[in-house]
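Nothing in this text is a laboratory measurement; each read-out follows from the coordinates by a stated rule. All values derive from a computational prediction rather than experimental measurement. Virtual Cβ from ideal backbone geometry, glycine too; neighbours counted across all protein chains shown.
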Amino acid sequence: MSTSCISCSRASSGSCRPCSSSAGWPGRSPATSRSEAPSVRPALTLNSHLRDLTGPRSPKIRSLASIIGRNAEFWQERDPGMVHVDDINGRRVITAQNSPKGACSVGHVRLSAMIIKRIEKAENVWRAMETAPHVTLHQTYDWARAWATLPGLSTLVVLVSLDGHPAVLLPLEIVRKFGVRVARLIGSPHSNHNAPLYSERFLAEADAAMMDELLDTLSALNIPADVLALDKLRPMAGQREEPLLAFRHVTSQNASFQLPLKPDFAETLSQINAKRRRKKFRTSERRLEPVGGYRHITADDDASARRLLGEFFRQKSLRLTEQGLPDVFAEPGIHDIFGRLASFSANDGAPVLALHAVEIEDDGVAKLIAIAGLTRKGAHITCQFGSVDDRTVPDASAGELLFYLMIEQACATGAECFDFGVGDQRYKRSWCPVETPHFDVFLPLNNRGAMAGRAMAAIVGAKRFVKTSPRMRAIASRIRALTLNEKPASEDAG
């Protein structure tokens, strides 16, 4: 029977190790215990628990020694609030608070964790882990490193090991929201899919007990945050279920939309009414003939990348203003980050962000009437953003034309998925036979975080209700229009 801890709202059965509370959990049954943590008296600290574990007559030493080595050496650094456990080779096995909470986590010596304060120090292990097919581009080193340059942003990396081998990597930024310290994956607000980096072994072994251990380990690590907010999680991590969904979660306010790609472009179009797609494509081409036709261009150097990005920012700002929405791309540092991702010189000639556009001649002047930014990891392409100029040739459906051209090219290069990203819009539904729900998980790191997590989950639920209710969405649109003293803007591919 699933119950909720009074202290931290965790959904499970048994005593609550994350918040060090047993009173909040009615009737833990040994048969349903996810992991057997030793009982802890209020005065027991991690130091005393380690001494107990390593006592000459303690049977627990056998299982402990099998993991950290017969000659394991326990030592405490200058910080009296933390205790570290190294094996004979100097490899960190346990880092935990010298407290009852830390003492609880010593019973689970399979998982250990460390905080890396500078992301550059984690580059080698990070790049090794990101090669796994299930790792999303949004948590790759180059992507996160760019977002970590936002002015005033505090970042760190949490590396969790399983039996001494890298198992989970969490690149985190620490922000303050409503007076609460929130740890979230770097660049989360601008990503289309989030997830920690997992090793294949961790995914294979991540049952409920191990996820319980993971939260214990994170709670004892002294991360400078109250709650760990992991949003936009997809149901699957590769071919396996997303491990974090073993915890209480809420459906995100937005889903994402995908078009599976086939080697043959015609076969790809057959999934989404090929006849209608080809007709729209021919119509767009015909309507651009009076201005001399069009060109599908891609940025091929830093100068062209700056040109396409600059025009995208201009078009997007105009569009969002018309819709009464805040321009998220105008926030300090955002232009520089996308510039870095699209730069050839900053990425050894292989930019993370590929820029595409439809260009025409208007009175002898080259104009960009549709722009999109794509990323690719393996066979998965994601459209990170797009914009259109619907004034120069208003009936040409330039955004639809650009998607047609990009998807045709993607099929020719062996891609298997064209991901339109997060957000429910008509043009995405018209292209995509696949809709993927996203989920948000809020893991409390202390009592304050438990309350914050519940509040954050409630806010997500309220936003989702508004977005999925036609009536509430219409009311929100009218309110927005009244504030602008104009009619609600129509929806398009920009």
**Item:** Ser252 long-range amide H proximity, modeled H, under 5 Å
**Value:** His438, Phe439, Asp440
**Asked** Measuring from centroid to centroid over Cα atoms, what is the spacing of the stretch 401-444 and the stretch 280-345 in Å?
**Response** 18
**Request:** Which order do the peptides 273-280, 136-143, 357-364 take when ranked by the mean count of other beta-carbon atoms within 10 Å per residue, highest first?
**Result:** 136-143, 357-364, 273-280
**Item:** Zone residues, the stretch 407-422, relative to Arg276, backbone N less than 15 Å from point 7 Å out along Cα-to-Cβ
**Value:** none
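Which ordering of Ser343, Ser430, Ser112, Ser256 is given by a fewest-first count of other beta-carbon atoms within 10 Å?
Ascending Cβ contact count within 10 Å gives the list Ser430, Ser343, Ser256, Ser112.
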**Request:** Before anything else, pin down the relative contact order of the stretch 205-296: Cα pairs under 8 Å, at least 6 apart, normalised by residue count, whole percent.
**Result:** 17
**Asked** So how much slack lies between Arg176 and Gln425, counting 0.36 nm per residue of separation and subtracting their Cα-Cα distance, in nm?
**Response** 86.6 nm
**Request:** Among the listed pairs Lys177/Lys232; Lys232/Lys280; Lys262/Lys316; Lys117/Lys463, give every one whose C-alpha distance is greater than 27 Å.
**Result:** Lys232/Lys280; Lys262/Lys316; Lys117/Lys463
**Request:** At 7 Å along the Cα-to-beta-carbon direction for both Glu267 and Asp395, put a label point, then send me their distance in nm to one decimal.
**Result:** 3.8
**Complete:** Phi-derived 3J(HN,Hα) across the stretch 273-283 with the Karplus relation (6.51, -1.76, 1.60, θ = phi - 60°), rounded Hz, x for Gly and Pro, is 6, 4, 4, 5, 5, 5, 5, 5, 5, 5, 5
**Fill in**
Glu289 and Arg118 label points (each 7 Å along its Cα→Cβ direction) are spaced in nm at 6.2
**Prompt:** Sorted by packing (mean other beta-carbon atoms within 10 Å per residue), highest first, where do 444-451, 125-132 land?
**Reply:** 444-451, 125-132
**Asked** Residues with amide H under 5 Å of Val182's amide H, sequence separation 5 or more or different chain, H placed in the peptide plane at 1.01 Å from N; which?
**Response** Val175, Arg176, Lys177, Asp226
**Item:** Difference of contour (0.36 nm per residue) and Cα-Cα distance, Phe344 to Thr413
**Value:** 22.8 nm
**Message:** Given axes a ≥ b ≥ c from the Cα gyration tensor, I'd like to know whether the stretch 291-424 is rounded (a/c under 1.5), prolate (a/b larger than b/c) or oblate.
**Reply:** rounded
**Prompt:** When you count, for each residue, the other Cβ atoms within 10 Å and take the mean per peptide, how do 282-292, 160-170 rank with the highest first?
**Reply:** 160-170, 282-292
